[in-house]
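The values are calculated or read from the model by the stated rules, or taken from the named source; none is laboratory data. Given the structure is predicted, the values throughout are model-derived calculations rather than measurements. Glycine gets a Cβ as well: all are built from the backbone with ideal geometry, and neighbour counts include every protein chain shown.
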Amino acid sequence: MAIIDELRTPLYFAAGTADLAVQQAKKVPGLIEQIAAEAPSRIEAVKKTDPKAVQEKAQAKFAELVGGLDTDLKKLGEQAQDLALRGVGVAAEYAVKAREKYEELAAHGEEAVRAWRGEVADEITEIAVVVEPEPAPKVAEEPAEEPEAKKAPARKTSTRKAPAKKPAAESVES
């Protein structure tokens, strides 16, 4: 069963990603309208800026950066090693976050697939049957005196069981 789960998870991930992409694509027309409304004021702001002032500001920042460089190689080596260790820690943190997001998207995909199939409605019906079972049939009282010949043969009645709950899909940990 683990092999099936290993195959389903990437497919659910893809379905979840596609579902979220559709949800985000539905927001695009509103964003386009917003950008179109803001465009004239942004264009005017760009037209009013002086290119020479921007260039001078950039040159001043560059000169400040070059002037602040430390020429001590030993200190630069220690800083590089420290940055490399920080980078490894950050990479490990991002790997954990990526795995969590992958599992979230797979779960979202599973729900989306269920909704596409209509299984969500089936589960709601099953839950309703469990919560509110069908009422027991009412037994009618028999008349006091009836001849044996006129009585219909007794019918067997069976009680109806609620459908069994489907087991929840378990995520596979790697």
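Out of 45, 107, 63, 37, one residue alone is surrounded by 10 or more Cβ atoms within 10 Å (Cβ to Cβ) and modelled with pLDDT of 85 or more. It is 107. If the condition is being of a type outside the set (Gly, Ala, Ser) and in contact with a helix residue (DSSP H, G or I) (Cβ under 9 Å, 6 or more places away or on another chain), then region 1-21 contributes 8, 9, 10, 11, 12, 13, 17, 19, 20. The condition (being assigned to a helix (DSSP H, G or I) and either among the small types (Gly, Ala, Ser) or at pLDDT 90 or above (or both)) is satisfied by just one residue among 12, 94: 94.
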